[in-house]
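Everything on this sheet refers to the single structure shown next.
Each value in this text was obtained by applying a stated rule to the coordinates, not by laboratory testing. Since this is a predicted model, take the numbers as computed values, not measurements. Cβ: placed from backbone, ideal geometry, glycine included. Neighbour counts: every protein chain shown.
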Amino acid sequence: MKFKGKVWKFRDDVNTDEIIPARYLSTTDPKELGDHCMEDIDPQFSKKISRGDIIVAGKNFGCGSSREHAQISIKGAGISCVIAESFARIFLRNAINMGLPILEIKDISGIKEGDYLEVDLNSGSVLNLTEHKEYKAKPLPKFIQEIIRSGGLLKWIRKRGMARCAR
Amino acid sequence: MAYTITEKILLAHTDKKSIAPGEFIYAKIDLALGNDITAPIAIQEFEAVGAKKVFDRRKIALVPDHFTPAKDKKSAEQAKILKNFSRKHKIVNYFEVGRMGVEHALLPEMGLVGPGDLIIGADSHTCTYGALGAFSTGIGSTDLAAGFITGCVWLKVPETIKFVYNGKLKAWVGGKDLILHTIGDIGVDGALYMAMEFQGEAIKALPMDDRFAMCNMAIEAGGKSGIIEPDEVTKKYIRSEGRNVKGVFYKSDVGAKYSKVIEYDVNKIELQVSAPHLPSNSWPVSKFRKINIDQSVIGSCTNGRISDFRIAARILKGKKVSSRVRLIIIPATQKIYSQAIKEGLADIFLKAGGVFSTPSCGPCLGGHLGILASGEKAIATTNRNFRGRMGHPDSEVYLSNPAVAAASAIKGRIAHPEEI
């Protein structure tokens, strides 16, 4: 899977209340949640971005609540993938389980807002087309790659056979 | 092989012979929890994938606690999804409004979680039950749907950081202060992906409610779980008030491997307040005496238990809430609510000019029952002070224990209980 898009940059510790405030949690509609994505950081965010754009953030992206509305909102807004120096753990597992592409790269300081990136999810290569630089993402563990390749957790379970479980 | 308590519990829930941090496991769960925010997505996914049966109707808990009693039509629709699913699949542990409580106070109280259990919950504060010596962690709605179907969860075996608390607590200092101080020390990602094991003489001396408050906030340091070795205090709790939980009492082996050991001398830990907008921004309360507040909230899955209200009542008895402050008191469960009335605590709060509400997560996540306007400041016994958490993006939340929240309500500014 490859993505090309413009960079929107965020700081460290972006939390789930910022990604999608709790006042919108009474719906699960991707369009509606997408319209309010990152609203409390930048009220215009969902209007400014184009389909396929990429979020690039610092450490601990997605800390806070377990709400999958955060992933639904990011996908609903049209973001193709999220790159961060690190992800909070529930956000990370939700992204994997739901098939929102995420990549960890060690240092994002060389990527500026507005740069164009080309991301190859399979190889973990992140090409900065504006700066002509390449970054290598931390490879995902095999087990997680398997879930992603299946198209998310529930498809992985279906593939294994729903009746058959480790129990 | 020497194991930590966390490793022992995880191993016991797999078919493996051994286990090591970093390893991926597929583990059996003893309880899967969802609420009115997260369960609707899980149920939609459960149905979309064509699942027909839940793995065990006794091992699922559905608690509509966040936006309930339903705050608006949309929230009512969300809660209805839980109710219908519970009826259809004969879920034993569905808690309707009136029998409901804030999930992380309710499940231990009902004896649904105990030592040695492996619990997953689609709510980040599911780590609370580690206070009973369980492995308990927050997951997402998709994990919950998968749990409903298979009774299993995928996990990466975490490394553990050991926190040792030596000494004796100062007056008014409790579990909340220890955890705010700890998060302040290590940061909001200081325990990312890791288990936080709390040990030491100060922990041994901590009552159950304070242990819940500590483990509840492990997630605020990025932790996967918080855990305290079960002891006599635990045993007394799980076998009192009609609970009859057996549990398996695991202990960390001497020689178990920790990624880090951090020690604190609790004699030196002051009452803590975490300033906006991160729980890690914690300092002694004295730093904030000039901060005027508009609201004080005492409640939530962190500090909405009976001992929290006893502490608040000791301070509020015979006093009046400042004319410019709204004091909002929300017992976490129906039982706590009833107990607070029986002990005369509710009367003290009402006479002081406070609000005494039915259980709900309510204002903690900016849901309802006390949303802040722009520029307003609140002190709260809740667990997060992110920007906009309790309402307007330009409002501010300061986190504290119930004694500080009560004292601040009287003074109209952040205050030490000794000032009352």
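Worth a mention:
- Within straight-line reach of B:K168, meaning a Cα separation under 16 Å, sit the following lysines at least 8 residues removed in sequence or on another chain: B:K176, B:K204, B:K268.
- Cβ-derived FRET efficiency at R0 41 Å, B:V92 paired with A:K9, nearest 0.05: 0.30
- Estimated purely from DSSP H runs of n ≥ 4, each contributing -39500 (n - 2.57), the mean residue ellipticity at 222 nm for the protein assembly as shown is -8000 deg cm²/dmol once divided by its residues.
- Loop sites in region B:122-175: trypsin sites (Lys or Arg not before Pro), DSSP, at most 12 other Cβ within 10 Å: B:K168
- Cut-off under 5 Å, modelled amide H: who pairs with B:G226 long-range: B:G130, B:S136, B:M196
- Relative contact order, whole percent, for chain A stands at 23, derived from Cα pairs under 8 Å and 6 or more residues apart.
- Counting only Cα atoms, chain A measures 49, 38, 24 Å along its principal axes, largest extent leading.
- Relative contact order of chain B, defined on C-alpha pairs under 8 angstrom at six or more residues apart (%): 17
- Beyond 30 Å in Cα-Cα separation lie the following of the pairs A:K136/B:K156; B:K73/B:K224; A:K155/B:K83; B:K71/B:K351; B:K28/B:K170: B:K73/B:K224; B:K28/B:K170.
- For the peptide B:22-29, the mean number of other protein chain Cβ atoms found within 10 angstrom of a residue's Cβ is 3.
- Across peptide A:26-34, the mean count of Cβ atoms from other chains lying within 10 Å of each residue's own Cβ comes to 3.
- Amide proton proximity set for B:T333, modelled H, under 5 Å, gap of 5+: B:V102
- The modelled label-to-label distance between B:E270 and B:E77, using points 7 Å beyond Cα along the C-beta direction, is 5.0 nm.
- Across region B:104-173 the C-alpha pair distances fall into 10 Å bins from zero in the proportions 17, 42, 29, 9, 3 percent.
- For region B:227-239, Karplus couplings with θ = phi - 60° (6.51, -1.76, 1.60), whole Hz, Gly/Pro x: 8, 10, 4, x, 9, 5, 4, 5, 4, 4, 5, 6, 10
- Spin-label model distance (nm) - B:K290 vs B:E47, 7 Å beyond Cα toward Cβ: 5.6
- Kirkwood hydrodynamic radius over Cα pairs of region B:381-420, then Stokes diffusion coefficient at 25 °C and 0.890 mPa s, in µm²/s: 227
- Whole-number Å³ per residue for the convex hull built on Cα positions in region A:28-96: 83
- Relative pair counts by distance (%), Cα atoms of chain B, 10 Å bins: 5, 24, 33, 26, 10, 2, 0
- Among the residues of B:362-375, the average count of other protein chain beta-carbon atoms within 10 Å of the residue beta-carbon is 2.
- Ordered by the count of other Cβ atoms within 10 Å of each Cβ, fewest first, A:Y24, B:Y3 give A:Y24, B:Y3.
- Along its three principal directions, the equivalent ellipsoid of the protein assembly as shown from the Cα gyration tensor extends over semi-axes of 35, 28, 24 Å, largest first.
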